[in-house]
Every structure is written in C-alpha cells, then in structure tokens.
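Asker: Okay, handing you the structure first.
The values are calculated or read from the model by the stated rules, or taken from the named source; none is laboratory data. Note that the structure is a prediction, hence the values are computed from the model and not measured. Positions of Cβ are generated from backbone atoms using ideal geometry, with glycine treated the same way; all protein chains shown enter the neighbour counts.
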Amino acid sequence: MDIKAYIESGILELYVAGTLSEKENEEVYALMHKHPEVLQEVLEIEAAIVKLTASTSQRDSDHILQRIKQTLGFGSDNDTKLISIAKPKYNWITYTGWAASIVLAAGLLWTVNQNKQLQSDIQIAETQQSLLETQIANSKNNLKDANVLINVLRDDNITKVPLAGQGNFASTFAKVYWDKDSDRIFLDAQGLPEPPEGKVYQVWSLTLTPLTPTSLGTIDRFTADANKIFEIKNANESEAFGITLEPDGGSESPTMDQLYTLGVVSAS
Amino acid sequence: MELDQLVENFKQKDEKAFEKLYNMYSDSMHGVIYNILRDHDIAQEVMQDVFIKAWHKGDSYSSKKGRFFTWILNIARNAAIDKTRSKAFKNSKQNLNSDFFVDIIEGNENLDDKTDAIGIKKFVGKLAEKCKAVIELLYFKGYTQSEASEALDMPIGTIKTRNRNCIQELRNLVLN
C-alpha cells in the first residue's frame, strides 16, 4: 500500500472528524500501529482541530469542571465525612419527634380516659345527692310532724283523755289529746293490736245523757302508720271517746261487743 | 503511548485521568457546542452533561473504533443538536443566526490571551469561503461526507481533498 497516497487522500482528516465507516476506522487504526507516519499525521490533524474548535470557546471552563466533579461524586472521602455528620443529626431530630408524638398521643388518651371516669363519678355523685336530698326532705317532714306533736303535748289547753280497755279487751288502751281550740283530737293508739283482715278501728265521740255516739271516722292507715298517732277532726261537745272494731268502711252505730277502749272526759 | 494510557485509566474510572482529559478537550467541546447553540449558559449546561455522560459511558469506548477525541466530539455534537430540537430551546431561539464558527473566532476577545490566537485569527481571516463551509459542516456540525457534498453541492471526492487542503493550511498556521 502506498502510505503517502493514503495520507494525501484526505481519509485521515475524515477519520478525526468521525465520518468514516466502522470498517474504515479499523483500517486506519491498524495502519496507525503499522506506520508511524500515519499516526503522526492523525495526531497533527487532531491537534489542529482541537485548537481550532477551542478558539470558538469564549468561556473559561474550570468552574464547570468543579460542578461535574461534584455531580460525579469525585473526592468521595469528603463526601462520606459529610454524610456521617449529617446522619446522626437527622436521626436525632426524627427520634425526638417520634418520641414526642408518642408521649403526646399517650397523654391525650390518658386525659380522655380521665375525663370519662370523672363524668361517671359526677353522675354517681349526682344520684347520691338526689337520694340524700330526698332523705333530708323526709326527715324534715318527720321532724315537723314530731314538733307538732310536742307542741300539742305541751299545750295547756289540751285535754288528756285516757281510754281504758273494756271487757275482753281489758289489756288494750289508748289516749286522746283533745285540742278544743282547733276542733281536733290526737289519738295515740299504740296500745291497740293490729286489726284483723277486713276490719278497721272506728273512733266515736259520745254524749252520756242521753248516750249518743257520733262517728269520728275509721282509722284506715293503722298498720301503715309508724307512731300510731292519728289526727282526727272533732267539733263535737264530746263527753267520752270510744274505739270499736268494725267491718271495712265503718258502721252507722258502734258494735258494742267489739268496744275495745272507752274513756270519759273529766270535767274541767 | 501516553494518551492511550490516559484513556485506559479513564475507562477504569480514574478521576485524575478524567480531569486531565477534561483539561485537554473541554475548551474544544465548549467551542463546538457553543457554535451550535450560540448561548453561553445553555452551552455550559450541555457541556457539563457531555462530560458526565462520557464518564458513565467510558466502557463503551474502544480505540479501534476511532480517536478518543472523535468519540467525545460526537457526544458533544449530538447533545448540542438534541438541545436545538428541544421545545424550550426552539422557543427562545427563533432566529438562530447562520454564521459560521469563523465569526465567533473573529469576534472572540478572550482569544487574545491564548497562544496561537493570532495565528488562528489570521487563518480564519484569509480562509477561503469553501474552506469555512467544509470545516464547519464536517467538524462543528458532524455532517457525513455525503451530507456535506449534498449541502455544498460538491462531489464527495472534492469534499475529501478540499478538506485535506484546508486542514493542511490550518496545521501550518497553528502548529508551526
């Protein structure tokens, strides 16, 4: 092969430009290694083109190199140091953040539970309070009743009439406290037995001459009443009081064989 | 050969070899890219991408297929031409001027600081119009021989010999 003609053909200039086929490229490559003058020629062409193209560059490209090196992670020793400092910092913040939110969530749950507990406590307390209020009201009523009785007992104008047991019922007794000013009597029936089923006690006011009984009414709540003291209206000029056992609802006139107690009003 | 060793080290991901090759060819690549794009910022951006791509694709280079310079020149030209096709670039550069590299060199004030600057300015000044066009197409634009012959309405053989003569002239000016 005529190397000189080969060089003169201009193929080496095209080789540097990169416009040859793959086969031609390999041919030039082989010839460069075989013939130093071919290699020399290629190197000079390349050098001239590098200089020509470089002279159209108007910028200093050193700073771009720095950017490229950074992008490619060159000098990785520095990078790993940077990462190792940055990592624990990141983790510390993350862990603290997580810990804080867990504590916060637990705290919230605890508060919600406490709130529920307190609300049910309040409900229990309210129920207890209304119960106690009822008891207090009851006690107040009882006290009022008791005070009324005490006043009655202490009153000078009250006439005491003991009723003694009669006949078969000699063991029974009762007492009448007659408040004439208020036209009422208080009957203390503590000494009477419970009336049998279907029967009630009936209270009578009596005038002796002639003997005339006037019903003051039946004691329907005998069993239910705790202190067995009953307030009964009485506007009569009574001379005696008697108690008989009568069928439910009472009778027109007293059943004399069922007369339990009887007492005469002593002349004042 | 020193360059061969350098390229071999570069292929093995040697950072120092990369830096040396960058210093050898970055101005040249920047010139080619700028000549196509005519925008300093975009040209720098593209050049950065070119060398990053070269680093990652280093394995695919084989000296049997061509010169290392030619390989990276190819990457640079393709990247710049790709950029001209991007929508954003087209919108910003409605009327790309059709001047040759020659105009850039003649207007390049930075050149005065560089060696061979006077030689190159002198060269392009008296370069025949035909030479300007051939060099522009073959080296700056990456035209194939037949593409250039079509563009310049010249037989393929003529392209080859004319180019040879033009480069000879250039070598005389910048290398001697």
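Asker: Please state which of the following conditions B:Ser63 fails to meet, knowing it meets all the rest: (1) in contact with a Leu (Cβ under 9 Å, 6 or more places away or on another chain); (2) under 25 Å from A:Glu44 (Cβ atoms); (3) not charged (D, E, K, R).
Answerer: For B:Ser63, the exception is condition (1).
Asker: Mind listing whichever residues of the range A:4-26 are of a type in the set (D, E, K, R) and either more than 8 Å from chain B (Cβ to nearest Cβ) or in contact with a Ser or Thr (Cβ under 8 Å, 6 or more places away or on another chain) (or both)?
Answerer: A:Lys4, A:Lys23, A:Glu24
Asker: Restricting the search to the range B:26-42, which residues are over 9 Å from the mean Cα position of the chain (by Cα) and more than 7 Å from chain A (Cβ to nearest Cβ)?
Answerer: Matches in the range B:26-42: B:Ile36, B:Leu37, B:Arg38, B:Asp39, B:Asp41, B:Ile42.
Asker: While we're here: Does B:Lys57 satisfy the criteria of being within 11 Å of chain A (Cβ to nearest Cβ), under 30 Å from A:Gly73 (Cα atoms) and either at pLDDT 90 or above or in a helix (DSSP H, G or I) (or both)?
Answerer: It is false that B:Lys57 is within 11 Å of chain A (Cβ to nearest Cβ), under 30 Å from A:Gly73 (Cα atoms) and either at pLDDT 90 or above or in a helix (DSSP H, G or I) (or both).
Asker: Could you check how many residues of the range B:1-23 are closer than 17 Å to A:Thr71 by Cβ and assigned to a helix (DSSP H, G or I)?
Answerer: The number of residues fulfilling the criteria is 6.
Asker: Can we say A:Ala5 is within 15 Å of B:Asn165 (Cα to Cα), surrounded by fewer than 20 Cβ atoms within 10 Å (Cβ to Cβ) and not β-branched (Val, Ile, Thr)?
Answerer: yes
Asker: State whether one or more residues within the range A:108-115 are at pLDDT below 85 and assigned to a helix (DSSP H, G or I).
Answerer: Looking through the range A:108-115, none of the residues is at pLDDT below 85 and assigned to a helix (DSSP H, G or I).
Asker: Now for a different question. Any residue in the range B:143-166 that is out of contact with any Phe, Trp or Tyr (no Cβ under 7 Å at 6 or more places or on another chain), facing chain A (nearest Cβ under 9 Å) and either in contact (Cβ under 8 Å) with a residue 60 or more places away in the chain or part of a loop (DSSP other than H, G, I, E, B) (or both)?
Answerer: Checked the range B:143-166: at least one residue is out of contact with any Phe, Trp or Tyr (no Cβ under 7 Å at 6 or more places or on another chain), facing chain A (nearest Cβ under 9 Å) and either in contact (Cβ under 8 Å) with a residue 60 or more places away in the chain or part of a loop (DSSP other than H, G, I, E, B) (or both).
Asker: Quick one: what pairs do we get from the range A:212-230, first residue in contact (Cβ under 8 Å) with a residue 60 or more places away in the chain, second assigned to a loop (DSSP other than H, G, I, E, B) and surrounded by 13 or more Cβ atoms within 10 Å (Cβ to Cβ), C-beta under 9 Å, 6+ apart or different chains?
Answerer: A:Ile229/A:Ala189
Asker: Also, quick follow-up: Limited to the range A:9-42, what total is found for residues that are assigned to a helix (DSSP H, G or I) and farther than 21 Å from B:Thr144 by Cβ?
Answerer: Residues that pass the stated criteria total 11.
Asker: Further question: What number goes with the only condition from (1) more than 22 Å from B:Tyr139 (Cβ to Cβ); (2) modelled with pLDDT of 90 or more; (3) at the interface with chain A (Cβ under 9 Å from one of its Cβ atoms) that B:Met1 does not pass?
Answerer: (2)
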